[in-house]
Structures are given as C-alpha cells and as structure tokens.
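The values are calculated or read from the model by the stated rules, or taken from the named source; none is laboratory data. These numbers come from a predicted model, not from an experiment. Note: ideal-geometry Cβ built from the backbone for every residue, glycine included; neighbour counts use all protein chains shown. Note: areas computed on protein heavy atoms with side chains; ligands, DNA, RNA excluded. Shrake-Rupley method; radii C 1.70, N 1.55, O 1.52, S 1.80 Å.
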Amino acid sequence: MGEVVVQLHLENAVDRELARRGLIKEEEVRELETPAIADSGARMLLLPQEQVEALGLREMRKAIVKYADERKEERLVAGIVTVTVNNRQANVECVIRPLACEALLGQVPLEVMDLLVDCAEQKLVPRPESPILPLLKFY
C-alpha cells in the first residue's frame, strides 16, 4: 500500500468572508489547488511556506511539532484556511512547512470533514454513518 494522495482546494477564509460582505471582489479571494498526502498520523494541516504565502494566511502563533523520527522543531502556525475535499469543508489552522515540501492533511481536518483514509483503495471516504454530510458528535 502506498501513500493516499488527495487533491485539496484551499481558500483564505478571511478573504472569503470579506467577499461575502462585499468588501472585496470575488476574484480577490486567494485560493489554490494542491495535492496532499492524507496522513492520519499527523494532527493538523501542514502546508509549504510558498502556499501559505500565496494564500495570504496570517501567522498566528508558534508550536513545537514532533516528527515520526522523534525530532522536535518549532514551527509557525497560520490560518485560517478553508480546506475542501470530496465536497466536504473544514476551516482550520495550518503548520507552515519549509519551502518545496509536500502538503499533509492530518487528523483534525479529517475529523471535521468526517472522512477516513482508505489505504487499500488509496482514497478518502466518508464514514459509513455519515455518507452524505459530516456527523458531528456531542458527548
């Protein structure tokens, strides 16, 4: 089984809200398409620096990230970005990765969109309990 690569539509959520309010034109909303590895072992959305800059996302804070090889590194967190995949959306922050890295779609946005990684079929699928819309649980 290989990596599960999905096509993401990313959009600056602040731009989208400004366009909804009529404060900027629709064509001024910064957005882009990018392939990303769906990685349920990662927590957040991770985007390369050049994509964060193209989207005009604001740096919000810093966080320590821990990699699979146990390395730890301080990284910037930016946002808010709207992620769309398989007709489902999530508004999330993203960790800024170095230039020319691949995008990673982690567990938090996957949970918000109620999607599972199907390694055998190499695609994202809705949970069986929520085939049409995400199911939001409250306990």
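Positive end of the dipole of region 4-139 (Cβ unit charges, origin at the Cα centre): among 112, 47, 37, the Cα lying farthest that way belongs to 112.
Ordered from highest to lowest accessible area with the whole protein assembly present and a 1.4 Å probe, 70, 93 read as 70, 93.
Looking at region 1-128, what % of its DSSP beta bridges pair antiparallel, to the nearest 5? Approximately 80 percent, going by the DSSP bridge assignments.
The residue among 87, 126, 60 whose Cα reaches farthest toward the positive pole of the charge dipole of region 46-139, with charges on the beta-carbon of Lys, Arg, Asp and Glu, is 60.
Taking each pair of distinct Cα atoms in region 81-125 once, what is the resulting Kirkwood hydrodynamic radius in Å? Evaluated on region 81-125, it is 11.6 Å. Below 25 Å, Cα to Cα, which lysines can residue 62 reach? Residues fewer than 8 away in the same chain don't count. Reachable lysines: 72.
What you get for region 3-139, charging only the Cβ of Lys and Arg (+1) and of Asp and Glu (-1), is a dipole of about 480 debye around the Cα centre.
Under 12 Å between alpha carbons, and skipping anything fewer than 8 positions from residue 123 in its own chain: which aspartates and glutamates qualify? Straight-distance partners of residue 123: 3, 39.
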